[in-house]
Amino acid sequence: MSERCAPASDAKTIKRGTSSSNAYAASIEAQKRNPYAPRASDFLSDISNFNIIESTLCEGEQFANAFFDTKTKIAIAKALDAFGVEYIELTSPATSEQSHVDCEAICKLGLKAKILTHIRCHMDDARIAVETGIDGVDVVIGTSSYLQEFSHGKDMEYITKTAIEVIEFVKSKGVELKRLESIGWANPRQVYELVRTLRGVVTCDIEIHLHNDTGMAIANAYTTLEAGATHINTSVLGIGKCVGITSLGGLVSCLYAANPEYVKSKYNLGMLQEVENLVAEAVEINVPFNNPITGYCAFMHKAGIHTKANLNNPTFSPPFPTIDTILRHRLTGWNAIKLCVEQLGLKLMDDEIKDATAKIKELADVHTQSMDDVDSLLQVYHLGIQYGKLAVGQKEALDRLLKQHREAKESNEA
């Protein structure tokens with residue numbers, strides 16, 4: 001947590017400072033426009049007032065395949081800065097000589113993002129970190145009874161004394177302090193209660209670092225923002241120790257659903273795929289097929305019901321980038337084919353489009369159709385209608401025209 005604290009009784013004045021009636025009206029209006037927007041009752045919610053602390057260059061270094069040299073670290077830092085994250089967290093400069101060199105190099109880049117480093121709650125670490133020119137530190141020391149007994153072996157009296165000493169030193173140097181961490185077993189209700197309780201007694205920033213051991217990291221991160229947290233740790237593709245932490249793309253996708261205009265105003269969303277590809281290449285993995293926004297299947301609609309809803313109202317679900325993801329299989333609906341017909345500049349009646357769709361489905365039962373396959377079929381169908389060689393329901397005539405087109409293409413390629 002940061003040093004900017006005030007008595008709990010002043011929380012509403014200091015933290016919010018706006019008319020409750022105006023906030024209520026704004027919330028109701030947002031709900032009308034977007035059912036995923038924060039509810040009027042979520043008076044603690046920071047869903048539309050948060051910061052991302054991007055930890056790919058800290059937590060991400062603990063990923064099994066990760067080895068970032070200085071050049072790679074600088075490239076990732078620049079890409080994250082171009083995306084628009086507010087903070088970039090680096091491995092502690094006390095870890096190794098190279099980590100110290102890398103930390104200094106990134107601090108000198110002049111990025112818009114603030115540079116933090118992750119340190120142990122130890123005066124030596126704090127002094128080394130401050131000397132590199134960082135903007136802030138994430139200080140960590142285990143306070144749970146489990147860690148007291150089985151990890152560092154220190155009691156709460158020692159932890160409190162050491163923490164106060166380190167915090168006072170860091171504050172005296174004018175840098176930020178943050179951190180509250182979960183080991184990944186908590187569920188959304190548990191983290192909500194924890195953060196809401198903490199928000200009830202402090203008005204300072206609350207940073208959350210959530211692990212994904214049970215697949216809850218994104219849900220937990222969103223819930224902590226609802227409870228009043230202000231800063232969320234992420235990593236690109238969620239990489240980190242074990243199964244990682246909250247993924248940058250996943251969290252942004254979740255927050256976009258709640259307040260798309262706010263998220264678009266904060267981040268360069270077009271950079272997300274570039275950032276993820278950069279990190280994926282560096283750690284020698286593929287971007288997961290089900291990765292939010294950038295995964296191969298992220299926008300692949302098959303069923304006609306969803307396709308029609310998206311075509312008629314893009315806010316039904318996130319807009320898909322290209323029509324090819326919904327055309328190439330037996331579940332394709334005629335509304336998707338109609339859009340393709342329009343994009344090709346063809347003129348077909350609805351009953352003709354439905355007839356062509358039936359043929360696409362028939363062929364897709366045999367094997368997946370490429371976009372060229374679909375385009376060719378529609379163009380052949382269109383020409384057949386235009387020159388009176390085809391009518392709705394004439395399957396044999398269509399098969400004959402498609403065969404002629406295929407043979408002519410093969411002859412030209414020979």
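The values are calculated or read from the model by the stated rules, or taken from the named source; none is laboratory data. All figures in this text were calculated on a predicted structure; none of them were measured in a lab. Cβ: placed from backbone, ideal geometry, glycine included. Neighbour counts: every protein chain shown.
General remarks:
- Residue identified as at pLDDT below 95, hydrophobic (A, V, I, L, M, F, W, C) and buried (at least 17 other Cβ atoms within 10 Å of the Cβ) among Ile52, Ile76, Ile115, Ile47: Ile47
- Residue ID - surrounded by the most Cβ atoms within 10 Å (Cβ to Cβ), chosen from residues in region 134-169 that are within 20 Å of Lys114 (Cα to Cα) and either more than 33 Å from the chain's Cα centre (by Cα) or of a type in the set (A, V, I, L, M, F, W, C) (or both): Val137
Let's see how each residue does on (1) under 16 Å from Lys395 (Cβ atoms); (2) outside the structural domain of Ala408 (by TED's automatic domain parsing); (3) touching a Gly at 6+ places or on another chain (Cβ under 8 Å); (4) of a type in the set (Ser, Thr, Tyr):
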position: Gly333; (1), (2), (3), (4): no, no, yes, no
position: Glu342; (1), (2), (3), (4): no, no, no, no
position: Leu346; (1), (2), (3), (4): no, no, no, no
position: Leu363; (1), (2), (3), (4): yes, no, no, no
position: Thr368; (1), (2), (3), (4): no, no, no, yes
position: Asp372; (1), (2), (3), (4): no, no, no, no
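- Being at pLDDT 90 or above, over 47 Å from the mean Cα position of the chain (by Cα) and surrounded by 12 or more Cβ atoms within 10 Å (Cβ to Cβ) is not true of Leu378.
- Long-range neighbours under 9 Å by Cβ, at least six apart or interchain, first residue over 11 Å from Gly244 (Cα atoms) within region 45-65, second basic (Lys, Arg) and buried (at least 21 other Cβ atoms within 10 Å of the Cβ): Ile53/Lys178; Leu57/Lys73
- Restricting region 229-265 to residues that are closer than 15 Å to Ile293 by Cβ and either polar (S, T, N, Q) or not assigned by TED's automatic domain parsing to the domain that holds Ala219 (or both), the residue that is modelled with the lowest pLDDT is Ser253.
- For Ala40, the stated conditions hold: it is at pLDDT below 95 and outside any helix (DSSP H, G or I).
- The residue list Val201, Val191, Val175 contains one member that is touching a strand residue (DSSP E or B) at 6+ places or on another chain (Cβ under 6 Å) and modelled with pLDDT of 85 or more, which is Val175.
- Counted residues, region 243-296 - those being assigned to a loop (DSSP other than H, G, I, E, B) and surrounded by fewer than 16 Cβ atoms within 10 Å (Cβ to Cβ): 8
- Failed item in (1) over 14 Å from Pro188 (Cβ atoms); (2) out of contact with any Cys (no Cβ under 9 Å at 6 or more places or on another chain), with Thr223 passing the rest: (1)
- Test: Tyr256 is over 23 Å from Leu116 (Cα atoms) and touching a Lys or Arg at 6+ places or on another chain (Cβ under 8 Å): yes
- Filter result for the condition that a residue is in contact (Cβ under 8 Å) with a residue 60 or more places away in the chain and of a type outside the set (A, V, I, L, M, F, W, C), over Asp155, Asp102, Asp81, Asp138: Asp138
- Scanning region 138-168 for residues that are farther than 13 Å from Arg120 by Cβ and of a type in the set (Gly, Ala, Ser) yields Ser144, Ser145, Gly153.
- Per the conditions (1) closer than 26 Å to Ala221 by Cβ; (2) acidic (Asp, Glu); (3) out of contact with any Lys or Arg (no Cβ under 8 Å at 6 or more places or on another chain), the sole criterion not satisfied by Glu86 is (3).
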